[in-house]
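Structure first, commentary second.
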Amino acid sequence: MQDLRKAFLELIRRTSTDLPPDVQNSLEAAREVEATGSAAQGALITILENVDLARENATPICQDTGTPIFTVHHPAGWSTRELRAQIEEAIALATSKSYLRPNAVDAISGVNSGNNLGDSAFPTIHFEEVEGETLTVDLILKGGGCENVGAQYSLPDSRLGAGRDLEGVRKVVLDAVQKAQGKGCAPGVLGIAIGGDRGSSYAASKEVLLRPMTDENPDPELAALEHTLYTQANQLGIGPMGFGGQTTVLGVKVKGMHRLPASYFVSISYMCWAHRRRRMTLTGGKVTYS
Amino acid sequence: MKDISLPISAGDIRELKVGDPVKLSGTILTGRDAVHKWMIDTFIHPSREPQGDDQQVYDAIHPILDQGAIYHCGPVVAGLDDGDYRFVAAGPTTSIREEPYQADVMRHFHLRAVIGKGGMGAKTLNACREVPAVYLHAIGGAASLIAQSVRKVICVYKLDFGVPEAMWVIEVEGFPAVVTMDAHGGSLHAEVQELSARKLDELLQA
């Protein structure tokens, strides 16, 4: 099998230090929307200066380089055990080069491993075999502040008057955004999964964060829900950093899943403005990044 | 833009109001979850005896915190191999996790400023009035930019807590932040919380 350790290291470097252009565009648009001289606009100006500086100096956009979440789509015949070993080596190397902060803490002893390696969930790696000869690896770095404001609702929710339908979904998502205030580093991107069990639902709510900021949901009903949630979440007035303002979320991505007749979960993953996600593609022995 | 140098007097702190942008200079200490728990459990409401270098560390940080500032931050640090430390990325972490501890820590050390992000609650706001002190909101995620205002890493305590959780003594110049909780009971966070709650009610009924 090909030695991809250097390629993985470069994927990590880019993800941590170089914000994707679609996210940057959303932040630039938000800066123009906020009132001139407001704290909200000031926050966005600082955020965008920081994005440029991090890219220039190849230093982390945010010091919380989060949980590294890899999604690997591999052709038949690849060893996922070997891929995991190479990814883990790259993670430790990226930590020693200060692209990543040592973030893996043993929950029982409280000891930080120092190299971002822990159990099988740190880093998180999902493998899936695909047809063809192309290997793609997506990486998201998801920080703790935004992870902490994620939420899962089991519908019906009588407190919010939320039933088992898309109107109920609308209500609980708005509740989650209001509860998050600025604590998840607003303006954020919402990844939402409807259905599944508790585990699969949360996992899917992160997977949808891989979608480009400006794409349109192919399901017209979900596309409409995404538009409504985007508009109404921004009407809450929480604003960048929770300073008040027009921009509370930059985007909303929704996915439906199959569920048990008895269960109706809505899982919301809040991604901070520093939406660090990058993809590496290997075709014909050549690696490219996007 | 107001320039603040640490240590800072009670009178100067009372001059600051919610919404004021500031640039901070002087020596500050980073401290987050493990540090606040350690301060409370070992010295403020002791439930354990000081062990190892606990007392020594306490004696060293006391004069830095007195009339000074604590920064909720877990930095990315270069030079861990040779001790020639440099802050590479150093934005604020979410402050609300320290809400159970912060007010007592402020009173104990006579802190003048708590720096973080996301704001804090009623207990901390009361302590701001009483001590007096302010909450300074740094821009979350602006880690490379903020690291540039860190002129020097003076030393580190409790590195065994892990790099993010250790107490880093740093010298900053022109550290950018906004006052979002002041010594007069003002809190931008309480305001935004209340307005957004009202708006949410409307949207839920629509």
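Just so it is clear, none of the values below were taken in a lab; they were calculated from the coordinates. What you are looking at is a predicted structure, and each value in this text was computed from that prediction instead of being measured. Don't worry about glycine lacking a Cβ; one is built from the backbone with ideal geometry, like all the others, and counts go over all protein chains shown.
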Check: How large is ³J(HN,Hα) for each residue in the stretch A:242-258, as worked out from phi by the Karplus curve 6.51 cos²θ - 1.76 cosθ + 1.60 (θ = phi - 60°), to whole Hz, x for Gly and Pro?
Finding: x, 7, x, x, 7, 10, 9, 10, 9, x, 9, 10, 10, 9, x, 9, 7
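Give me the inter-chain shielding for A:56-69: mean count of other chain Cβ atoms within 10 Å, whole number please.
Details: counts 1, 5, 2, 10, 10, 7, 10, 20, 13, 3, 0, 0, 0, 0.
Whole-number average of other-chain Cβ neighbours for A:56-69 is 6.
From the alpha carbon gyration tensor of chain A, can you work out the equivalent ellipsoid semi-axes (sqrt of 5 times each eigenvalue) and give them in Å, largest to smallest?
In descending order the semi-axes read 30, 24, 18 Å.
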Checklist line | Cα radius of gyration and Dmax for the protein assembly as shown (Å) | finding: 22.6, 71
Margin query: Translational diffusion coefficient of the stretch A:142-236 at 37 °C, 0.692 mPa s, Stokes-Einstein with Kirkwood Rh over Cα pairs, in µm²/s as a whole number.
Written below: 235 µm²/s
Note to self: Rounded, prolate or oblate, given the Cα gyration tensor of the stretch B:2-205, with a/c below 1.5 counting as rounded?
What the structure shows: prolate
Check: So what is the calculated 222 nm ellipticity per residue for chain A, using -39500 (n - 2.57) for each DSSP H run with n of 4 or more, over all residues, to the nearest 500 deg cm²/dmol?
Finding: -12000 deg cm²/dmol
Checklist line | Label-point separation, A:THR283 to B:SER5 (7 Å along Cα→Cβ), nm | finding: 6.1 nm
Notebook entry, point to check: Where the centroid of each part is defined by its Cα atoms, how far is the stretch A:116-156 from the stretch A:74-110 in Å?
Noted result: 13 Å
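Report the FRET efficiency, 1/(1 + (r/R0)^6), for A:ASP52 and A:TYR230, where r is their Cβ-Cβ distance and R0 is 41 Å, rounded to 0.05.
Values: r = 26 Å, r/R0 = 0.64.
The formula returns an efficiency of 0.95 here.
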Next item on the list: Report, for the protein assembly as shown, the % of DSSP beta bridges that are antiparallel, rounded to 5.
Entry: 65 percent
